[in-house]
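To keep things clear, I will list the structure first and then write my remarks on it.
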Amino acid sequence: MSEVAVKRRSAQRTSLWGWLLALPTAWMVAFFVSSMAIIVLLSFGRTTNDGYPVFATSTANYRAIWNEVYLELFLRSLTYAVATVVISVLIAYPVAYTIALHGGRYKNALIAAIVVPFFASYLVRMYAWKALLSDDGLVNSGLRHSGLTDGVTFLNTPYAVVGGLVYGFVVFTILPVYASLERLDTSLIEAGKDLYHSPMRTFFTVTLPATRAGLYGGVLLVFLPALGDFVSAQLLGGANTYMMGNLVQQQFAEGQNWPLGSALTVGMMAALTVLMVAYLRATSTQRRES
Amino acid sequence: MATRRLERKPALAVAMTAVFFAWLYLPILAVALFSFNDKKSLSAFSGFSLRWYDDLVHNSALLDSLIASLKIATVSTVGSLVFGTMLALGLERVTSRRGRVIGAVTLLPLVTPEIVTGVAALLLFTGIGLKLSMTTVILAEITFSIAYVTVIVRGRLAGIAGEVEEAARDLGCTPFQAVRLVTLPTLLPALIGAGLLVFALVFDDFVLAFFTTGVDPQPLPVRVYSSIRFGVSPAINAIGTLMLLASALLIVAALWVPRLFHRGTSSLDLITGGDPR
C-alpha cells in the first residue's frame with residue numbers, strides 16, 4: 001500500500017470516528033456539562049421573596065453554609081464515609097483473598113454471588129435492613145426469645161447508618177481488590193512466606209503493597225457514593241444521623257432553597273475533587289515506581 | 001512445598017468470607033420469607049399466604065408505576081446503547097488529545113455522586129422550562145448510563161484488533177460498512193451484556209428518578225421509597241421481593257450472555273477489570 005493511500009485512508013477513518021464522537025459528545029455537553037455549570041452558577045444565586053430561585057452574584061450561600069451546624073454535619077458525613085471505607089477494606093481483603101486464591105473453579109460463581117445482589121435494588125436492600133433491625137423485627141424478636149434483653153434499639157443510631165452504607169457499597173471495594181489479587185503473582189506470596197515466616201508480615205510487606213492499585217480504586221469507589229448518600233441515613237437513621245446528602249435533599253425536595261442547596265452540592269464536589277486529585281497523584285507515582 | 005503452603009487455606013479469611021455471605025443474604029432472604037407471611041408481623045411467621053402479592057396486583061397506582069419504570073428502563077437502555085457504542089467506537093480509534101478529553105468528560109458521571117447528578121439534572125430541566133415527567137427521567141437516566149455502556153464496549157473493542165476492520169476495508173467496504181458488517185457483530189455479546197446491566201440499573205435506580213420525576217406516574221422505586229418512609233409492611237416485602245428477583249435475573253443474564261458467545265469469558269471480566277479476550 002502506498003504512503004498516500006495509507007494517509008488518505010487514515011484521514012477518512014478519522015472523519016468517521018470524529019462523526020461518531022460528535023453526537024454523544026453533544027448530548028453529554030447538553031445534559032451533563034451544562035447541568036454542572038448551572039449548579040455552580042445557581043450557588044451564587046438567591047431566592048426571591050416568593051421563593052423562586054434566581055441567578056445572582058452573591059456569596060451569601062457560601063457564607064451561610066460556613067456555620068457550625070453545617071460544618072458539624074459535614075464532619076459527621078466525613079466520619080461516616082471514612083468509617084464505611086475502613087470497614088469495607090477490612091471486609092474486602094479477606095473475602096477477595098479467599099475467593100481469588102482459594103476459590104478454585106468456583107471463583108466466578110462466588111464473585112457472581114456477590115455481584116448479583118449488589119446490583120439489585122439498593123433501595124430494597126436498605127429496606128431489608130430496616131425490616132430486620134426494627135423494634136419488632138427478626139433480630140429483636142430473636143433477642144427477646146433468647147431472654148438476653150428486652151430488645152435493643154438499632155435504628156436511628158450511627159451504627160445502623162454506617163452499616164447500611166457498608167452493606168450498600170462494599171462491593172465497590174471487593175471488586176477492584178479482587179481484580180488485583182487475581183492478577184498477583186502467587187510466587188511473590190510464597191517467597192514472602194519463606195522470608196518472613198509469618199502470614200501477617202507477608203500480607204503487610206508483600207500482598208498489600210502489590211495490590212495497592214486495587215486498594216486505592218476500592219477506597220475511592222466506596223468513598224464517593226458513601227459521602228453523597230442520603231437513603232441510608234433517611235431509612236436507617238434519623239435527624240441526628242443526617243448526612244450532607246440529606247441536607248442537599250432537604251434543600252431541593254423539602255426546604256426549597258435551591259441556591260443554598262447548590263452551594264452545598266458545590267462544596268461537596270469540591271471536597272471530592274481534592275480527594276480525587278490526591279488519588280490520581282498516588283496512583284501515578286505508583287505507576288512511575290513500577 | 002511452596003505450593004502446598006499456599007494451598008493451606010487461611011482459616012480466618014475463610015471464616016470471614018462465610019460470615020460475609022451470611023450477612024449479605026440474610027436480610028434479603030428475610031424480606032422474601034415474610035412476604036409470604038399470612039399475618040402482618042415481620043418477626044413471627046404464622047403461615048404461608050399469597051395475600052400480599054394478591055394486594056399488589058390489585059393496586060393500580062403501583063401497577064402504573066411498574067409500567068412507567070419498564071418504559072423508562074427500555075427507552076433509556078436503547079438510548080444509552082446507541083450513544084455509548086458510538087462513543088466507544090470513536091474514543092477507541094481517535095487517539096488525539098481532544099479524544100482523551102472527551103473520554104474523560106464522559107466518564108465523569110461514574111465518579112460523580114448520584115445525588116449531584118440528580119440535583120443538577122433537576123436544575124437544568126427546570127431552567128430550560130421542561131416539565132418534570134417520565135421524559136425528564138429518561139433524559140437523566142440516558143446521560144447517566146452512557147458511561148457504563150462506553151466502559152463495557154471499550155473493554156471488548158480493545159480485544160478486537162483494528163486489523164479486522166482494516167481487512168474489511170481492503171475487501172472494498174466503506175468505513176461505515178466495515179463498522180456495520182464487521183465491528184458491530186463482534187460487539188454483540190458486549191452490547192447485550194451492557195444492555196441488560198443498564199436496564200437493571202435504570203429500573204432499580206432511585207436517586208436520579210427521585211429528583212427528576214414528575215407527579216404521576218412515579219417510577220416504581222420512588223413510589224416504594226415513599227411507602228418505606230412510613231414504615232415496614234409485608235406489602236413492601238412482596239414488591240421488594242419481586243424487584244430483587246427481577247433485577248437478579250437480569251444481572252445473571254448480563255453476566256452469562258457474553259459467555260454463550262465466547263467460552264471462557266464473561267462480562268464479569270469487564271466488571272472486575274479482567275483481561276478481555
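For the pair A:Val33 and A:Glu254 in one chain, pulling the backbone fully straight at 0.36 nm per residue adds 77.0 nm over the alpha carbon distance. In terms of packing, defined here as the mean over residues of other Cβ atoms within 10 angstrom, the peptides A:50-56, A:232-238, B:62-68 line up highest first as A:232-238, B:62-68, A:50-56. Reported to the nearest whole Å, the Cα centre-to-centre distance from region A:73-108 to region A:187-246 is 5.
A full extension of the chain between A:Ser146 and A:Tyr196 corresponds to an added length of 13.4 nm, given 0.36 nm per residue minus the alpha carbon distance.
Under 10 Å, Cα contacts only: if you run a Gaussian network model on chain B, which one of B:Asp204, B:Asp170, B:Asp55 comes out with the highest mean-square fluctuation? Taking springs between Cα atoms under 10 Å, the residue moving most is B:Asp170. Here r is the Cβ-Cβ distance between A:Ser187 and B:Asp64 and R0 is 60 Å; the resulting FRET efficiency, rounded to 0.05, is 0.50.
Give me the percent relative contact order of region A:73-289, please, defined on Cα pairs under 8 angstrom at least 6 residues apart. Let's see the in-between values first.
Working: 234 pairs, mean separation 58.4, N = 217.
It rounds to 27 percent for region A:73-289.
Per-residue ellipticity at 222 nm computed for the protein assembly as shown from its helices equals -24000 deg cm²/dmol, with DSSP H segments shorter than 4 residues left out and the rest contributing -39,500 (n - 2.57). Here A:Lys130 is the anchor, and the lysines within straight C-alpha reach of less than 20 Å, apart from those fewer than 8 places off in the same chain, are B:Lys39, B:Lys40. Mean per-residue shielding of peptide A:151-164 is 0, counting Cβ atoms of other chains within 10 Å of each Cβ. Farthest towards the positive end of the charge dipole of region A:73-289, among the residues A:Tyr242, A:Ala92, A:Tyr167, is the Cα of A:Ala92, using unit charges on the Cβ of Lys, Arg, Asp and Glu. Shielding value for A:92-99 is 5, the average number of Cβ atoms from other chains within 10 Å of each residue's Cβ. Going by alpha carbons, how many degrees (0 to 90, nearest 10) lie between the helix axis of B:220-230 and the longest principal axis of chain B? Tilt of helix B:220-230: around 40 degrees. With the charge dipole of region A:73-289 set up from +1 on Lys and Arg Cβ and -1 on Asp and Glu Cβ about the Cα centre, the Cα lying farthest toward the positive end among the listed residues A:Ser141, A:Asn108, A:Gly192 is that of A:Gly192. Charged side chains reduced to their Cβ positions (Lys and Arg at +1, Asp and Glu at -1) give region A:73-289 a dipole of some 460 debye around its Cα centre. Under 28 Å of direct C-alpha separation, and excluding same-chain neighbours fewer than eight residues apart, B:Lys71 reaches these lysines: B:Lys131. If only the Cβ of Lys and Arg carry +1 and only the Cβ of Asp and Glu carry -1, the dipole of chain B around its Cα centre is close to 620 debye. Inter-label distance, A:Leu23 to B:Leu29: 4.8 nm, where each label sits 7 Å from its Cα along the C-beta direction.
Ligands, DNA and RNA are left out, and with a 1.4 angstrom probe the accessible area of the protein assembly as shown is 46 Å² per residue. For the chain pair B and A, the buried solvent-accessible surface (1.4 Å probe, both sides summed) amounts to about 8400 Å². Rounded to whole numbers, the Karplus 3J(HN,Hα) couplings from phi for region B:40-56 are 6, 5, 9, 10, 10, 8, 9, x, 7, 7, 9, 4, 6, 6, 5, 4, 4 Hz, using 6.51 cos²θ - 1.76 cosθ + 1.60 with θ = phi - 60°, and x at Gly and Pro. The percentage of C-alpha pairs in region A:194-290 whose separation is greater than 22 Å is 51%.
For the pair region A:256-270 and region B:150-185, the centres of their Cα atoms are 44 angstrom apart.
GNM on chain B, alpha-carbon springs under 10 angstrom: the most fluctuating residue among B:Ala190, B:Ala61, B:Ala209 is B:Ala61.
Only the Cβ atoms of Lys and Arg (+1) and of Asp and Glu (-1) were treated as charged; on that basis the dipole of the protein assembly as shown about its Cα centre amounts to roughly 1360 debye. Each of B:Cys173, B:Val105, B:Pro234 was placed along the dipole of chain B (beta-carbon charges, centred on the mean Cα), and the one lying farthest toward the positive end is B:Val105. Distance between the 7 Å Cα→Cβ label points at B:Leu132 and A:Thr79: 3.2 nm.
Among A:Lys193, A:Lys130, A:Lys107, the largest mean-square fluctuation in a Gaussian network model of chain A, built with springs joining Cα atoms closer than 10 Å, belongs to A:Lys193.
With all protein chains in place and a 1.4 Å probe, the accessible surface of the protein assembly as shown carries 66 percent carbon and sulfur.
Compared with the dominant principal axis of the Cα atoms in chain B, helix B:97-111 is inclined by about 10°. To the nearest ten degrees, helix B:134-159 and the longest principal axis of the Cα atoms of chain B are 50 degrees apart.
Peptide B:239-246 has a mean of 3 when you count, residue by residue, the C-beta atoms of other protein chains within 10 Å of its C-beta.
The values are calculated or read from the model by the stated rules, or taken from the named source; none is laboratory data. Predicted model only: the values in this text are computed from it and were never measured. In this analysis, Cβ positions are derived from the backbone assuming ideal geometry, glycine residues included, and neighbour counts consider all displayed protein chains. To get the accessible areas, we keep the full protein, side chains included, count just its heavy atoms, and leave off ligands, DNA and RNA. Shrake-Rupley method; radii C 1.70, N 1.55, O 1.52, S 1.80 Å.
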